[in-house]
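What follows is a set of notes on a single structure, which appears directly below.
The values are calculated or read from the model by the stated rules, or taken from the named source; none is laboratory data. Since the model is a prediction, treat every value here as computed from it, not as a measurement. Glycine also receives a Cβ, built like all others from the backbone with ideal geometry; neighbour counts cover every protein chain displayed.
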């Protein structure tokens, strides 16, 4: 029977059904989900559906393997810095400690979203102290992470840092003069 229904109609029916289920489960947003079901049933533009703008943005600019590796390296370096601090290394001035700052929600959005996914859904790096729970640094951080990761790689990517290694890697957070 489903083979008799045109693909675009079938997709809309399934989507409308999913929104109707969400309306039953999420009483606080039931009106929004019912409106979304109506949009799906009436064949209004799919860009009117909830979450579609974000999905289209991600489709236009998908997260690459290199970007995933970059986020994981940044989180790993901060885990290693924090471990060194727990073992007695002192952060170089002007830094108080190595809380992971996150990524800028306006300019590094997909990196921030991936870092959140790693912690919240995949339960990785949950032991890393973060500057803000939502991992939004409200300031671009990629340049700083590039310097810190490079310093870590230059040291041979150690997982237990000596005081000198710690000082060099933590010091890479500072902008070059």
Could you look through the stretch 30-64, keep only residues that are under 17 Å from residue 108 (Cβ atoms) and modelled with pLDDT of 85 or more, and pick out the one that is surrounded by the fewest Cβ atoms within 10 Å (Cβ to Cβ)? 64
Residue list for the stretch 157-177, restricted to those being at pLDDT 90 or above, surrounded by fewer than 16 Cβ atoms within 10 Å (Cβ to Cβ) and outside any helix (DSSP H, G or I): 157, 158, 159, 160, 162
Kindly check whether there is at least one residue in the stretch 82-105 that is over 20 Å from residue 172 (Cα atoms) and surrounded by 14 or more Cβ atoms within 10 Å (Cβ to Cβ). yes
With (1) in contact with a strand residue (DSSP E or B) (Cβ under 8 Å, 6 or more places away or on another chain); (2) under 15 Å from residue 79 (Cα atoms); (3) part of a helix (DSSP H, G or I) as the list, and residue 111 as the residue in question, which single condition is left unmet? (2)
Would you say residue 55 is assigned by TED's automatic domain parsing to the domain that holds residue 144 and out of contact with any helix residue (DSSP H, G or I) (no Cβ under 6 Å at 6 or more places or on another chain)? no
When the stretch 125-154 is checked residue by residue, the ones that are outside any helix (DSSP H, G or I) and either touching a residue at least 40 places away in the same chain (Cβ under 8 Å) or in contact with a strand residue (DSSP E or B) (Cβ under 7 Å, 6 or more places away or on another chain) (or both) are 125, 127, 128, 129, 130, 131, 135, 137, 141
